[in-house]
Amino acid sequence: MGAPAIVIASAHHADVLAEAFARYEREYDVCVVSDEVTAKARAKERLGSGHQVALFVIDTDHDQDKLYALIGGTRKAVPTARRLVVSHISRFREDNQTFRHAVAAGKVDALLLMPQGPRDEEFHGAVGELLNEWNATVAAPVVENVRIITPEKDALTRELLDYLGRIGMPAGVHHPESEVGREVMAACPEDEGRWPVVSSLVGWCGHCPSVRALANQLYGRPDDIEVDGVVDLVVVGAGPAGLAASVYASSEGLSTVCLEAEAIGGQAGTSSMIRNYLGFPRGISGMRLAQRARGQALRFGTRFFTGWPATGLTPAGGDGQPGHHVVHTDGGDVHARSVLIATGVVYRRLGVESLEELVGRGVYYGAAMAAARELAGDHVVIVGGGNSAGQAAVHAARFASHVTIVVRRPDLTATMSSYLINEIEWNPRITVRGSTRVVDGGPDDVGHLAWLDMEDVVSGAHERVEARGLFLLLGAAPECGWLPESVLLDDNGFVLTGRDIPRERWIDDLPPTDLATTLPGIFATGDIRSGSMKRVASATGEGASVVSLVHTWLEGQPA
């Protein structure tokens, strides 16, 4: 496959844009044209010759009708490409007002001021972000940090790919008889017949039985967690709340350990694009946000242990552990003066047996971004009405011929952010079916999802539809089974904190601090906390603010 194309359409500033994009010509096929007809023709030529189109750059100097036709036509011709609208300084203020809604609705990915001279790094930083996002979600990786060898892409293989996508690690799947497959199997012949076999650049090669095994190997995990002495804070869960707490705690001098069962970033790490997070006007993927936060926390000294879920918590004073708490995992224990519960939530199960049997073969819990690429031209159904479901639908619509969002409520207004609702309403590939639920489904001849039965929850009417993909984002189910009974939960299993704790559990008739639990020195933030907003920004804010409470607690404890 040839170099991916950048197609630039400008009627009057082609020379300026050609000069600005000259720096990309080494790795991209940069094509500059003057009108919308030629732009679409060039894109189709590139696609026909085996190239992909990564980016359309559209100058606003076109006639308005032709400009709108160009924007809409590029999306129809290459839905996976990013679309950047550029405006000359003489009309930027006017264009900013004109295209503000188009950017908010996702019709275009960004509006930028045309470069005013060489080394306009603000402009190129934005272009780099768009190309980075395209490369992470659409392009086949040029360098594969991980290679998966298997005769068929089964459920486990797809789970491994999804995990690798969440941690931002390029990966490829190869048949054992392919050139790459033979090369990998020559290095680990003892594992032939036990699929999948995984080879990584860190030097590991062998049969991989689970996502957890892959996580342990990729991060160079020892057999046991090794933490000397008692740390100031152990954070259980590396979602937005846990990452924020890790950054702020370690930056303020607290010895901090963060435990994560699977992928750093948690559920938020599966979001293809978060557009309402402060400081990222063009949006940021959950994976990028998580990896940046992890790097920040590492810089300040946080130690991460990935692939080891917490299995228990012994409070201070229990089992002969005076003065500190013990968080247990299968890989070892962490002794800490304070603990932050930031394990987040998992998606609730649908409970339809026929569909549970197809998990990994067209049915997925969560966004499963890697799986969306395989559904090009197919009908995809998203079940769920939260922001994660909306983001999954927008991402899937870049590949699928049509996406249906199914919710039991009449519409999305009560559960989804307005900006996402607007983007979904505009997107011609997405339909919302309110007052509906999925009640059955079945496979094709090879065992992959082929059809779904929908039920109208008001009338009880049933309809069977063809569908090759079903993504289930059904709301929050807390994971608190590892906590002792002394950590009080609400009726739905979420951790109670602050004034939500019943008065009879207060000490000296004073309520616990806002993020404190019923156990002194144990705090909770993010989605696991009863009454939380279930938003990335609020979880991050709680993770940052809990550090001052931890400081106050530690000041009153013996060293």
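Just a few scattered comments:
- Out of S435, S417, sole residue that is over 23 Å from G377 (Cα atoms) and either among the aromatic types (F, W, Y) or touching a helix residue (DSSP H, G or I) at 6+ places or on another chain (Cβ under 7 Å) (or both): S417
- Near pairs, Cβ below 8 angstrom, 6+ apart or cross-chain, from region 161-188 (closer than 25 Å to T306 by Cβ) to any residue that is assigned to a helix (DSSP H, G or I) and of a type in the set (K, R): G168/R288
- The residue list A367, A371, A392 contains one member that is buried (at least 24 other Cβ atoms within 10 Å of the Cβ) and at pLDDT 90 or above, which is A392.
- Residues (buried (at least 16 other Cβ atoms within 10 Å of the Cβ) and either free of Cβ contacts under 8 Å to residues at least 24 places away in the same chain or not in a strand (DSSP E or B) (or both)) located in region 35-53: E36, A39, K40, R42, A43, R46, H51, Q52
- Wholly enclosed strands (runs of 3 or more DSSP E) of region 462-542 bearing at least 1 residues at pLDDT 95 or above, surrounded by fewer than 15 Cβ atoms within 10 Å (Cβ to Cβ) and of a type in the set (D, E): 462-466
- Among residues of region 54-73 being part of a loop (DSSP other than H, G, I, E, B) and in contact (Cβ under 8 Å) with a residue 24 or more places away in the chain, the one that is nearest to F123 (Cα to Cα) is T60.
- The criterion of at least 3 residues that are under 17 Å from R158 (Cα atoms) and not assigned by TED's automatic domain parsing to the domain that holds E152 is met, among strands (runs of 3 or more DSSP E) falling completely within region 362-454, by 363-365.
- Lone qualifier among E177, E159, E133 - being of a type in the set (D, E), within 28 Å of L470 (Cβ to Cβ) and outside the structural domain of Y24 (by TED's automatic domain parsing): E159
- Single match in L350, L289 (criterion: assigned to a loop (DSSP other than H, G, I, E, B), at pLDDT below 95 and crowded, with 17+ Cβ neighbours inside 10 Å): L350
- Of the strands (runs of 3 or more DSSP E) entirely within region 160-214, those holding at least 1 residues that are closer than 29 Å to G286 by Cβ occupy 171-174, 197-200.
- Pairs with Cβ under 6 Å, 6+ apart, first in region 108-121 and more than 17 Å from A81 (Cα to Cα), second of a type in the set (S, T, Y): none
- Within region 1-31, tally of residues that are in a helix (DSSP H, G or I) and surrounded by 18 or more Cβ atoms within 10 Å (Cβ to Cβ): 4
- Criterion violated by A268 - all others in (1) assigned to a loop (DSSP other than H, G, I, E, B); (2) closer than 27 Å to A110 by Cβ; (3) touching a Leu at 6+ places or on another chain (Cβ under 9 Å) satisfied: (1)
- Selection from region 289-299 of residues that are touching a Phe, Trp or Tyr at 6+ places or on another chain (Cβ under 9 Å) and either over 12 Å from G242 (Cα atoms) or not assigned by TED's automatic domain parsing to the domain that holds P240 (or both): L289, L298
- Residues in region 93-104 that are crowded, with 16+ Cβ neighbours inside 10 Å and hydrophobic (A, V, I, L, M, F, W, C) were compared, and the one that is farthest from the chain's Cα centre (by Cα) is F99.
The values are calculated or read from the model by the stated rules, or taken from the named source; none is laboratory data. What you are looking at is a predicted structure, and each value in this text was computed from that prediction instead of being measured. For neighbour counting, all protein chains shown are included, and Cβ atoms are generated from backbone atoms with ideal geometry for every residue, glycine included.
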